[in-house]
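Here's a structure for you.
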Amino acid sequence: MAYDLKNVFYLDTSFDVAALTAANVETGITMDLSAYIDPVATNRSTGTGLAIYKVHFDYGFSSGNAPMPATEAGAARLGLVVGDLQFTSAASAVALDQQTLAASNQNLIGAQDFYPPNYAASSVYEGTVIEPSTEVPYIVVRDTINLVCGLGSNALVNAMNVSVRIECAQVKLSGAVLNQLLRTQTV
């Protein structure tokens, strides 16, 4: 499972959060990973999971080609979460359970906070909340992950394009490891 440039590939997705989206709203999109994962280890001793080594989040203005403008007032947390959260392949809003985008959630792969320049509590800038590492990757054995944008206590002023780039590799897993991961990645 070591980080090996020969085996690492990239996956990415993005979506737009509309201008004037209300505070405390979660918007997300589902990524289908079924082409990369085979959690069934029948008639053989191994299954296949997806090792996620690094997660890169980005917040951009509208088309994603420019940073958010100084007029932005809304803060957000982007998260990458394993499992079926009822999002679709197009951006949709779903009310999530508390702590879904918190480091205490075992299904949270990575998360990062965004605070605009004029945010009232700009001194609370957190940046990276949680991330996998090249030494200890997050192994996904479920066939969906979700890019989620959770807005803070202020509504967005501008349209925000959120995106993620994932550095990952397919890995073989023993039956015991696979079964443990399947149990822990149940939503």
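Just so it is clear, none of the values below were taken in a lab; they were calculated from the coordinates. Only a predicted model underlies this, so the values are computations on that prediction, with no experimental measurement involved. Cβ atoms come from the backbone with ideal geometry, glycine included; neighbour counts cover every protein chain shown.
How would you order 149-161, 167-179 from highest to lowest mean count of nearby Cβ atoms within 10 Å?
149-161, 167-179
About the Cα centre of the chain, what is the dipole size in debye to 20, counting +1 per Lys and Arg Cβ and -1 per Asp and Glu Cβ, all else neutral? Write down the numbers at each step before the final one.
On the way: 8 positive and 16 negative charges, 83 e Å.
So the dipole magnitude of the chain works out to roughly 400 debye.
Rank the residues L108, L80 as a footprinting-exposure proxy: fewest other Cβ atoms within 10 Å of their Cβ go first.
Fewest-to-most Cβ neighbours within 10 Å comes out as L108, L80.
Next up: Could you tally the net charge around I37, taking each other residue with its Cβ under 9 Å from the Cβ of I37, Lys/Arg +1 and Asp/Glu -1? Don't skip to the answer; put the middle values down first.
Values: positive: R142; negative: D38, D143.
Charge balance near I37 sits at -1.
Please order I52, I166 by the number of other Cβ within 10 Å, starting at the fewest.
I52, I166
Moving to a separate point now. Starting from the Cα gyration tensor of region 1-105, take the square roots of the eigenvalues, sort them a ≥ b ≥ c, and report rounded, prolate or oblate (rounded when a/c is under 1.5, otherwise prolate if a/b is larger than b/c, else oblate). Intermediate values should be presented prior to the final figure.
Working: a/c = 2.45, a/b = 1.76, b/c = 1.39.
Here region 1-105 falls in the prolate category.
Quick one: length gained pulling N179 to T128 fully straight, 0.36 nm per residue minus the C-alpha distance?
Working it through step by step, the gained length comes to 15.4 nm.
How would you rank F15, F61, going from fewest to most other Cβ atoms within 10 Å of each one's own Cβ? Can you show the working numbers first?
Details: F15 18, F61 15.
In increasing order of surrounding Cβ atoms, one gets F61, F15.
Antiparallel as a % of all DSSP beta bridges within region 9-184, to the nearest 5? Numbers along the way, then the final one.
Working: 53 of 53 bridges.
Restricted to region 9-184, the bridges split so that about 100 percent are antiparallel.
For region 82-187, how big is Rg over Rh, using alpha carbon atoms and the Kirkwood form of Rh?
Using Cα coordinates only, the ratio equals 0.99.
A follow-up question, please. Thinking of region 9-184 as a set of Cα atoms, what percent of all their pairs are more than 23 Å apart?
On the way: 6200 of 15400 pairs.
Above the 23 Å cut-off, region 9-184 has 40 percent of its Cα pairs.
Moving on to the next point. Would you mind giving the average projected area, over all directions, of the Cα convex hull of region 49-99 in nm² with one decimal?
Hull-based average projected area comes out at 5.7 nm².
Report the gain in length on full extension from D84 to T71: 0.36 nm times residue separation, minus Cα-Cα distance, nm rounded to one decimal.
Details: separation 13, 0.36 × 13 = 4.68 nm, distance 3.46 nm.
Roughly 1.2 nm would be gained on extension.
To test your reading of the geometry: what angle, between 0 and 90 degrees and rounded to tens, separates the Cα axis of helix 175-184 from the longest principal axis of the chain?
For 175-184 against the chain, the angle is about 30 degrees.
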